[in-house]
1. Counting other C-beta atoms within 10 Å, and keeping those with at most 15, which DSSP coil chymotrypsin sites (Phe, Trp or Tyr not before Pro) do you find in the stretch 31-112?
2. Dividing the Cα convex hull volume of the chain by residue count, how many Å³ per residue is that?
3. Among 158, 207, 181, pick out the residue whose Cα is farthest towards the positive end of the charge dipole of the stretch 141-231, where Lys and Arg carry +1 and Asp and Glu carry -1 on C-beta, about the Cα centre.
4. In a shell of Cβ-Cβ distance under 13 Å around residue 80, excluding residue 80 itself, what net charge do Lys and Arg (+1) and Asp and Glu (-1) give?
5. For residue 496, what charge total do you get from the other residues with a beta carbon under 13 Å from its beta carbon, if Lys and Arg give +1 and Asp and Glu give -1?
6. Cβ under 11 Å from residue 281's Cβ, residue 281 left aside: what net charge do those residues give with Lys, Arg +1 and Asp, Glu -1?
7. Which chymotrypsin sites (Phe, Trp or Tyr not before Pro) in the stretch 98-158 pass both tests, a DSSP loop state and at most 15 other beta-carbon atoms within 10 Å?
8. Once you mark the trypsin sites (Lys or Arg not before Pro) that are in a DSSP loop and have at most 15 other Cβ atoms within 10 Å, what is the longest gap between them in the chain?
Amino acid sequence: MESKQSRRAFIAGAGAAAWAAKPILGADPDLTALTLRQASQMLRAKATSPVELTQACLLRIERYNPAVNAFITVAGDSALAAARERETEAMKGKWRGPLHGIPIALKDNIDTAGIRTTGASELFKDRVPAEDAPAAERLKEAGAILLGKLNMHEFAYGATSAVSYFGPVHNPWDLDRVSGGSSGGSAAAIATALCFGTLGTDTGGSIRIPSSHCGVVGLMPSYGRVSNRGVIPMAWTLDHVGPICKTVEDAALMLTAIAGYDELDPTTIDAPVPDYTSAFKMRVSKLRIGLPRAAFFENLDPEYAKAVESAIEVLRKMTAATQDVQLPPAVAAPLIWGPETYAYHAKWLTESPEKYQAATRAQMIRSNEVKPDVYASARRQVDLARREIRRVFERVDVLVTPTMKVPPAAIAASLNAPAPNASAAPAAPAPGNGGNPWAFDVYGLPAITLPCGFTSAGLPIGLEISAAPFSEKTMLAVAHAYEEATDWHTRRPSVRGVA
């Protein structure tokens, strides 16, 4: 049996024995500490197997999920069956790519054939789709193994992931705090190393908010880059699907797999999909950074401000120029997502209102207060903002901001917070929110958050980098360069209360 030391040696480049030369190992907990790329390299070198990786993840889920509550559904039997299939393929020389044999999990608003997709709501608690969403299907075709479905803020209509029929998601860095939302289970699962990659969705920050709060990498692609079909919608105008992972490189690998045109989804763009990992060959020394300090840098927690300014100094030394920029007005996102969410849920809100969590129900009903003329005007402003934002990138190549402005709230405080007025523009942040992400959904830009520091209480701080529409490679190049120059992404929580 291969030793743990030899596994570490492999990661350092020493290599390891082939499957044929050793027995199948029992699940090794150390395997879950690998990045997606490292796990893929070990699989390709036959230093481990898809079954071993899957077993290791399932054991870790069994141990840590009760504390974190990241998973709603664990599909252990089907995951092991898929792992055995991927293992057989690999032994026969069939290799689907870097995601072959990699255990992942999906936010529970993304349809999965034969596995329930609930939206974290009692309304859909027994809903089992007949087909995979295209994003899920592409991951399976790439060889990924689906471990199960991840907890979230009910129907993605909130930024805490505390409001869920299946109970709150707990932040792995402090179990009394929210993980952020709405993709809270996706970010918490990665931070706790329960899988190697996840998908979330983002309408007003729902990938980047929890990724920032949980100290992981969250990537929202350009609007139209990834199909939204087969995803329980929040707002058709603003919804995005994207990866949450341990590193920028891992996120690039997953984005390469899920991106592409879907002729049945009118939001997607028919444009070639590059290998996003090729971004890491780009020279960032020629790139220009824009800092939209007005609004985006205001009212920052002092520790967040210090960490972000330190990160900017790192970027300043490796890029060509840094300058302040002014962004065009971004219409208040609730004026869009309120009416569009209500339109999807109106039937059920009338027939089965008791099956929604009280906070979700109240907020959705309040969303219907937005007048049709106000919504129509806001929708027009989205189109104008998405056109106008392109001019900013005539002067700079990427934008850099804090991801969030304040630390994650306590779960108890979040559950007791009043629902915001849907007809009002975002002003004072609600508990668990307090960030910048929603504007980039309005602009339709790609945006990524990655760790850039920690508070004195040991809570992660996120840095957000965005680029022009469909310029994910430029964004990834800068994010990867920063990640390589720092070690924030290597830190992992020690989950309290788990032996």
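Quick note: the coordinates plus some simple rules give every number you see, no bench work behind them. Note that the coordinates shown come from a computational prediction; the quantities given were computed from them, not determined experimentally. Neighbour counts are summed over all protein chains in view; Cβ atoms, including those assigned to glycine, are modelled from backbone coordinates with ideal geometry.
1. Values: sites: 64, 71, 95; in loops: 95.
When the chymotrypsin sites (Phe, Trp or Tyr not before Pro) of the stretch 31-112 are filtered for loop state and at most 15 Cβ neighbours within 10 Å, 95 remain.
2. Working: hull volume 67.3 nm³, N = 499.
In the chain, the Cα convex hull volume per residue is 135 Å³.
3. Of the candidates, 207 comes out farthest on the positive side.
4. Values: positive: 84, 86; negative: 52, 77, 85, 87.
So the environment of residue 80 carries a net charge of -2.
5. Working: positive: 177; negative: 174, 176.
Once positives and negatives cancel, what remains is -1.
6. Working: positive: 283, 473; negative: 275.
Combined, the nearby Lys, Arg, Asp and Glu give +1.
7. none
8. Values: sites that count: 92, 94, 125, 127, 283, 395, 491, 496.
After excluding every exposed loop site, the longest remaining stretch is 128-282.
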